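The values are calculated or read from the model by the stated rules, or taken from the named source; none is laboratory data. What you are looking at is a predicted structure, and each value in this text was computed from that prediction instead of being measured. So basically every Cβ, Gly included, is an ideal-geometry build from the backbone, and we count neighbours across all protein chains shown. Quick note on the areas: whole protein, heavy atoms, side chains included, nothing else; ligands and nucleic acids left out. Shrake-Rupley method; radii C 1.70, N 1.55, O 1.52, S 1.80 Å.
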Amino acid sequence: MAPTAVVAALPLDAIGRTPGTGAERSLRWVLTHMVDEYARHLGQADILREAVDGRTGE
């Protein structure tokens, strides 16, 4: 099943377990964590780009 199909099929309070530790996480937690990580990495890439070309963001 594709990841988008899983997200569409499950409620946000659906619980799963992490592969390494077996810790319980809700789908809501996973999606929030992914957005947070994505934003953090975009911020780091923006800093690198500013260092290279000197152009600042808005």
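Side notes on the structure shown:
- Any pair with Cβ under 9 angstrom, 6 or more apart, that starts in segment 1-22 at a residue that is open to solvent by 50 Å² or more (accessible area, probe 1.4 Å) and ends at one that is part of a loop (DSSP other than H, G, I, E, B) and modelled with pLDDT under 90: Ala9/Met1
- Count of residues meeting criterion [within 15 Å of Val6 (Cβ to Cβ) and more than 9 Å from the chain's Cα centre (by Cα)] in segment 27-43: 3
- Test: residue in segment 39-57 that is open to solvent by 70 Å² or more (accessible area, probe 1.4 Å), touching a helix residue (DSSP H, G or I) at 6+ places or on another chain (Cβ under 7 Å) and part of a loop (DSSP other than H, G, I, E, B): yes
- Checklist (1) touching a residue at least 12 places away in the same chain (Cβ under 8 Å); (2) open to solvent by 100 Å² or more (accessible area, probe 1.4 Å); (3) touching a strand residue (DSSP E or B) at 6+ places or on another chain (Cβ under 6 Å) applied to Ser26, failing item: (2)
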